[in-house]
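Trainee: The structure follows.
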Amino acid sequence: GMSTGLSKLDDMLGGLHRGDLYVIGGASSMGKTALAVNIAFGAARSEGRRVVLFSQEMTRQQLAWRVMSNQARRSGCGKVAYQALRNGSIGQNEYAILKAGAEHLPKSVKWNTARGLSVDDVKAGVRAASKSLGGIDVIVIDYLQILEIEQRKGSNRAADIQHATMQMKKLAGDMDACIVLLSQLKRLDHREDKRPLLSDLRESGGIEQDADTVLLAHREDYYLERSEPPWEPKDKHTEWWVKMQNAQGKLDVYVPKQRMGPIGLVQLHFEKETDLIVDEAAQIDDEDGFL
């Protein structure tokens, strides 16, 4: 299979395989977009794979901010939080870091940030990218529910979503590429245990059926940050603080379905300021970046 740039994930998946549909699910702010972008650029960077990335949630500029911040950190140029670019709070040093990071961006990635794309638009965009790059290996689509899904006569939303996923699966085969398709999860606010389940995929029936592999992204520290107890009683706050320290920076990727491989859990390290995802926190030097 083709490398994701993350050895732990490659070990679980056996790499990315042509013709397969990979679905990454996650609630809001769980890191599913960051994971998909890291996989896209990881495949391009590590093996020169030809990638097209569709992002309908972010503008081209917002995506560039995230990618430059990530690449600068990964290439050892330094750390600049992408929010600093959004706020305009960078100086000459930060600008130099980002410029140096941008020079390491792989040239085999095409970005498409057009809004309101239909499935047919995605197909056309993939074929255009394939022509430009001389072929295509990995297609990343962020995300399924934001696409303009065709409303077929006498059908319902769930059936229309399934039809779209079937088209994506067919596109992967037609292009001899793999597709990484992002999907929303149902809201988990009502549930005490926030760890995602396969059944949490929104309009899940068709997605579960057509996906060859499903990955569910989860960050426990996101929920812990928002549930800090009062300082008194002290033992309750201490218990929370210990949990927070243990969860900080961990990205849990559950694999509840894999048609041709094992299921299980992959734990990665996520630096949310730069969207950098690596196998272990020890791979990042606090001063310079990726070791």
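The values are calculated or read from the model by the stated rules, or taken from the named source; none is laboratory data. Small disclaimer: the values here were computed from a predicted structure and weren't measured. Cβ atoms come from the backbone with ideal geometry, glycine included; neighbour counts cover every protein chain shown. For accessibility, only protein heavy atoms count, side chains too; no ligands or nucleic acids. Shrake-Rupley method; radii C 1.70, N 1.55, O 1.52, S 1.80 Å.
Trainee: What number goes with the only condition from (1) out of contact with any Ser or Thr (no Cβ under 7 Å at 6 or more places or on another chain); (2) surrounded by fewer than 20 Cβ atoms within 10 Å (Cβ to Cβ); (3) under 19 Å from A27 (Cα atoms) that D235 does not pass?
Mentor: Every listed condition holds for D235 apart from (3).
Trainee: Another one. Quick one: would you say E232 is closer than 30 Å to C77 by Cβ, at pLDDT below 90 and assigned to a loop (DSSP other than H, G, I, E, B)?
Mentor: Here the answer is no, as E232 does not meet what is asked.
The rows are residues; the columns are (1) under 19 Å from the mean Cα position of the chain (by Cα); (2) buried (at least 16 other Cβ atoms within 10 Å of the Cβ); (3) touching a residue at least 60 places away in the same chain (Cβ under 8 Å).
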residue: E192; (1), (2), (3): no, no, no
residue: E208; (1), (2), (3): yes, yes, no
residue: D212; (1), (2), (3): yes, yes, yes
residue: A217; (1), (2), (3): yes, yes, yes
residue: S227; (1), (2), (3): no, no, no
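Trainee: Looking at K110, K131, K99 in this structure, which one is open to solvent by 30 Å² or more (accessible area, probe 1.4 Å) and part of a strand (DSSP E or B)?
Mentor: Matching residue, one of K110, K131, K99: K110.
Trainee: Any idea how many residues of region 145-177 are at pLDDT 85 or above, among the hydrophobic types (A, V, I, L, M, F, W, C) and either open to solvent by less than 60 Å² (accessible area, probe 1.4 Å) or under 20 Å from the mean Cα position of the chain (by Cα) (or both)?
Mentor: 6
Trainee: Is it the case, given these coordinates, that L251 is open to solvent by less than 40 Å² (accessible area, probe 1.4 Å), in contact (Cβ under 8 Å) with a residue 24 or more places away in the chain and more than 26 Å from N93 (Cβ to Cβ)?
Mentor: Numbers: open to solvent by less than 40 Å² (accessible area, probe 1.4 Å): yes; in contact (Cβ under 8 Å) with a residue 24 or more places away in the chain: yes; more than 26 Å from N93 (Cβ to Cβ): yes.
Here the answer is yes, as L251 does meet what is asked.
Trainee: Further question on the same structure: Keeping to region 6-60, report how many residues are open to solvent by 30 Å² or more (accessible area, probe 1.4 Å) and in a loop (DSSP other than H, G, I, E, B).
Mentor: Counting residues in region 6-60 that are open to solvent by 30 Å² or more (accessible area, probe 1.4 Å) and in a loop (DSSP other than H, G, I, E, B) gives 11.
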